[in-house]
Amino acid sequence: MPGDVINVSYNFSYYDAGSSIDTEVIAIANTNKAISIHQAAELANRYIYITNNCYMEEIDLHKGASSTYYSDADIYLKNADLYDWDVIEHEYGHYVADTFDLKMIGVGGSHTLYEDLSVTYGKSHGIGMAWSEGFATFFAINLQRVMNASSMNIPNVGDVYYNDTDDYICKVNIETVTDEITPSNIISKCESNEITVASILFDCADIISPFGDDMVYINNALLWSVLTTNECQTLSECVNSLYNDATVTWDNKAHLGEVLKSLGLSASNLTITYMNPLPPSLSWTNPSGIHTIQVCIYTINGTQLYQSAFLSNGTTSLNLSTNDWSSIVSSGQYIFYVIIKIWNYGIPTSTDPVTGPYYSTFYLGYPI
Ligand SMILES: [Zn+2]
């Protein structure tokens with residue numbers, strides 16, 4: 001086992017709730033690096049306690065390792081990462097995922113924050129790896145939010161950035177999905193990208209984003225319950241577990257569809273053409289890839305009024321029939337949610353798993 005070992009368990013704590021760690025003191029001595037990583041992991045452990053009503057088993061943090069990673073209930077940290085709480089708690093997030101079956105077995109490997117991992121590893125591995133890494137990043141950023149960690153005044157702790165400050169420098173805004181230090185590192189927005197996964201999870205968890213497209217809010221306890229009950233191991237499983245959960249409100253499901261649309265995972269640019277006479281026709285833009293598509297129409301309270309047949313790949317429009325339209329308007333509603341569901345296939349003729357449906361939500365009224 002490389003490096004000095006710091007043991008973290010619930011009954012061993014330097015953390016005095018409400019206090020802050022003096023960053024100048026932290027920077028003086030190696031001992032304080034030990035305190036830094038201990039406190040980072042301790043905070044993560046306390047987050048699990050308030051979320052899942054139990055503490056994690058104790059874990060050893062190895063500082064001074066040759067690289068930073070999680071393996072088999074141990075965390076290894078390079079010296080350059082010992083003040084990077086986002087990185088430390090990302091690794092702790094892998095430990096949590098391992099404990100609660102929130103990651104596929106065997107989806108390790110080298111990766112960047114920016115890539116479409118399905119291109120690098122194939123879809124099956126790529127979606128599992130993107131979830132594993134994205135969940136870990138979400139875990140770090142979100143636990144700091146829930147635990148009000150910004151009040152401790154530790155640099156880069158408690159904000160919406162994934163910060164790595166020393167060996168590998170990045171400042172990724174998980175709300176906007178951009179690296180603000182190196183914006184030319186374009187993040188691939190897709191289900192096989194770890195920042196996309198982290199961003200969607202964070203949008204679900206944070207109360208309301210200042211960025212306009214994020215009205216979804218699923219409280220910490222409910223989100224945790226859906227993820228762990230369903231043992232989500234891909235973004236697709238997560239989205240569909242939320243969509244199928246009766247406890248998640250219809251409003252939140254609809255708003256999640258808006259987030260998926262804004263990140264390019266589902267259809268966009270819906271236009272509705274009101275023929276005279278009605279019924280109207282719909283057209284939209286699909287994301288890239290091979291899909292099966294379905295159009296559904298709901299009341300604003302979530303009652304389904306219409307569901308199309310499955311539409312073949314490349315379909316970008318639908319003419320509602322007179323009968324369809326009569327049955328929709330017989331609901332007495334004048335405003336609707338149109339939801340376009342997209343199932344993603346991998347490369348044709350391959351054995352890639354089908355993912356989805358990822359859905360878009362559009363809020364529509366029609367003239368009367
Ligand atoms: Zn990781």
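Values quoted throughout were computed directly from the atomic coordinates according to the rules given, and no laboratory measurement underlies them. Please read all numbers here as calculations on a predicted model, not as lab measurements. Cβ coordinates were reconstructed from backbone atoms using ideal geometry, including for glycine residues, and neighbour counts include every protein chain displayed.
Below is a table of values for the structure above.
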quantity: Contacts under 7 angstrom Cβ, first residue in the range 93-121 being in contact (Cβ under 8 Å) with a residue 24 or more places away in the chain, partner in a loop (DSSP other than H, G, I, E, B) and within 11 Å of the ligand (Cβ to nearest atom), 6 or more apart; calculated: A97/K103; L117/H111
quantity: Boolean, D166 is more than 17 Å from I48 (Cα to Cα), of a type in the set (D, E, K, R) and assigned to a helix (DSSP H, G or I); calculated: no
quantity: Hey, N230 in contact with a Cys (Cβ under 9 Å, 6 or more places away or on another chain) and under 26 Å from T51 (Cα atoms) or not; calculated: yes
quantity: Qualifying residue in the range 85-92 (condition: within 15 Å of the ligand (Cβ to nearest atom), of a type outside the set (D, E) and without any contact (Cβ under 8 Å) to a residue 60 or more places away in the chain); calculated: yes
quantity: Filtered residues of the range 68-84 (kept if more than 14 Å from the ligand (Cβ to nearest atom) and assigned to a helix (DSSP H, G or I)); calculated: N79, A80
quantity: Residue check, T249 closer than 24 Å to V146 by Cα and either in contact (Cβ under 8 Å) with a residue 12 or more places away in the chain or surrounded by 17 or more Cβ atoms within 10 Å (Cβ to Cβ) (or both); calculated: no
quantity: Single residue of L256, L260 found to be assigned to a helix (DSSP H, G or I) and in contact with a strand residue (DSSP E or B) (Cβ under 7 Å, 6 or more places away or on another chain); calculated: L260
quantity: Selected residue (only one of Y243, Y162, Y217 is touching a Lys or Arg at 6+ places or on another chain (Cβ under 6 Å) and touching a residue at least 12 places away in the same chain (Cβ under 8 Å)); calculated: Y243
quantity: Criterion (over 13 Å from A44 (Cβ atoms), aliphatic (A, V, I, L, M) and not in a loop (DSSP other than H, G, I, E, B)) met by exactly one of A130, A65; calculated: A130
